[in-house]
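**Q** Sharing a structure, written as structure tokens. Questions coming.
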Amino acid sequence: DTEVTQTPKHLVMGMTNKKSLKCEQHMGHRAMYWYKQKAKKPPELMFVYSYEKLSINESVPSRFSPECPNSSLLNLHLHALQPEDSALYLCASSHASDRVGANVLTFGAGSRLTVL
Amino acid sequence: KQEVTQIPAALSVPEGENLVLNCSFTDSAIYNLQWFRQDPGKGLTSLLLIQSSQREQTSGRLNASLDKSSGRSTLYIAASQPGDSATYLCAVRRNTGNQFYFGTGTSLTVIP
């Protein structure tokens with residue numbers, strides 16, 4: 001299995017809603033990432049988990065709350081979002097940096113979020 | 001902080017032409033460099049990965065080179081096809097930690 005699976009593919013939510021984005025991989029990768037991408041821009045790193053522990057938080061507002069319940073799953077909990085948070089949210093995984101080798105970064109297809 | 005730039009931002013070529021996309025980075029202390037392709041509204045597909053100790057990698061019509069000392073990588077696409085139309089992104093991985101820095105992307109259109 002060489003895939004990263006993201007659900008849902010599309011999500012529309014109001015500013016008062018609580019929702020979650022989910023990401024799953026079964027490649028034995030121990031580093032998992034959330035990226036945010038606006039139209040015609042490169043992906044912006046939000047969070048990195050390494051061995052199920054949060055290792056990087058790129059000053060993301062607290063209305064985004066990541067969670068890594070086990071080595072295969074990564075969630076992004078959303079609450080009280082703003083319309084400007086509408087974007088494509090991409091999950092990725094790789095071997096952790098302590099593993100010698102190619103360490104390819106593998107992306108999911110993304111979750112398109114619209115905040116009304 | 002690592003800055004990654006891609007030139008040109010957009011490129012339009014007739015089918016069959018060979019082309020080169022450029023990626024520049026400011027800090028040569030990298031672990032590897034990866035080239036991706038992204039179709040509109042989709043995720044990123046990995047094309048080639050070059051380790052910092054390597055000079056080039058090839059896959060089919062694609063060839064990526066790396067000159068770490070000058071902070072440059074190129075992606076060469078031979079005999080371009082309309083299906084190659086997409087945005088191409090490069091990303092460099094730091095020597096330590098799990099951080100990848102993305103370039104600004106090149107939007108490629110191959111005209112039939």
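**Q** Along the positive direction of the dipole of chain B (beta-carbon charges: Lys, Arg +1; Asp, Glu -1; about the Cα centre), which of B:48, B:13, B:110 reaches farthest?
**A** B:48
**Q** Okay, moving on. Just to be sure I understand the model, the point goes 7 Å from the Cα along the line to the Cβ. What's the resulting residue B:72 to residue B:5 distance in nm?
**A** 1.3
**Q** How large is the dipole of the stretch B:5-105 about the Cα centre if only Lys and Arg carry +1 and Asp and Glu carry -1, each at its Cβ, rounded to the nearest 20 debye? Can you show the working numbers first?
**A** Details: 8 positive and 7 negative charges, 67 e Å.
Approximately 320 debye in magnitude.
**Q** Also, I was wondering about something else. Which stretch or stretches of the stretch B:10-44 have amide N atoms under 16 Å from the point lying 7 Å from residue B:53's Cα along the Cα→Cβ direction?
**A** What the label zone holds, given the 16 Å backbone N cut-off, is B:30-33.
**Q** Here is a further query. Can you give the Rg to Rh ratio of the protein assembly as shown, both from alpha-carbon atoms, with Rh computed by the Kirkwood formula?
**A** We get a ratio of 0.97 for the protein assembly as shown.
**Q** Given Cβ point charges of +1 (Lys, Arg) and -1 (Asp, Glu) and nothing else, what value in debye, to the nearest 20, does the dipole of chain A about its Cα centre take? Walk me through the numbers before you get to the answer.
**A** On the way: 13 positive and 10 negative charges, 65 e Å.
About 320 debye.
**Q** In the stretch B:47-83, which trypsin sites (Lys or Arg not before Pro) fall in coil by DSSP and have 11 or fewer other Cβ atoms within 10 Å? Before the final figure, lay out each step's value.
**A** Working: sites: B:55, B:61, B:68, B:72; in loops: B:55, B:61, B:68.
Counting only loop positions with at most 11 other Cβ atoms within 10 Å, the trypsin sites (Lys or Arg not before Pro) in the stretch B:47-83 are B:55.
**Q** Arrange A:19, A:36, A:41 by Cβ neighbour counts within 10 Å, fewest through most, would you? Could you put the intermediate results ahead of the total?
**A** Values: A:19 17, A:36 20, A:41 13.
Ordered from fewest to most neighbouring Cβ atoms within 10 Å, A:19, A:36, A:41 come out as A:41, A:19, A:36.
**Q** Taking the Cα centre as origin and putting +1 on Lys and Arg beta-carbons and -1 on Asp and Glu beta-carbons, what dipole magnitude results for the protein assembly as shown, to the nearest 20 debye? Please report the intermediate quantities before stating the final value.
**A** Details: 22 positive and 18 negative charges, 75 e Å.
Taking the Cα centre of the protein assembly as shown as origin, the dipole is about 360 debye.
**Q** Taking the alpha-carbon centroid of each part, what is the distance from the stretch B:1-72 to the stretch A:102-116 in angstrom?
**A** Rounded to whole Å, the Cα centres lie 20 Å apart.
**Q** So what's the projected area for the stretch A:25-91, the Cα convex hull averaged over all directions, in nm²? Intermediate results must be reported in sequence, preceding the final value.
**A** Working: hull surface 18.7 nm².
Result: a mean projected hull area of 4.7 nm².
**Q** Then there's this: When averaged across all projection directions, what area in nm² does the alpha-carbon convex hull of chain B cover?
**A** Details: hull surface 26.4 nm².
With the hull built on Cα positions only, its mean projection is 6.6 nm².
**Q** Please report, in whole Å, how far the alpha carbons of chain A spread along each principal axis, starting with the longest.
**A** 44, 24, 23
**Q** Restricting attention to the stretch A:19-116, which chymotrypsin sites (Phe, Trp or Tyr not before Pro) occupy a DSSP loop and are surrounded by at most 13 other Cβ atoms within 10 Å? Before the final figure, lay out each step's value.
**A** Numbers: sites: A:33, A:34, A:35, A:47, A:49, A:51, A:64, A:89, A:107; in loops: A:51.
Of the chymotrypsin sites (Phe, Trp or Tyr not before Pro), the ones in loops of the stretch A:19-116 whose Cβ has at most 13 other Cβ atoms within 10 Å are A:51.
**Q** May I ask for the percentage of alpha-carbon pairs in the stretch A:1-47 that lie more than 11 Å from each other? Mind showing how you got there, number by number?
**A** On the way: 829 of 1081 pairs.
That tail contains 77 percent of the Cα-Cα pairs.
**Q** Given 4 °C and 1.567 mPa s, compute D for the stretch A:52-116 with the Stokes-Einstein relation, Rh being the Kirkwood radius over Cα pairs; round to the nearest whole µm²/s.
**A** Values: Rh = 13.7 Å.
Once the numbers are plugged in, D ends up at 94 µm²/s.
Read the figures in this text as sums done on the coordinates, not as results from a lab. On a predicted model such as this, the values are computed, not experimentally measured, just so you know. All Cβ positions, glycine included, derive from the backbone under ideal geometry; neighbour counts span all protein chains shown.
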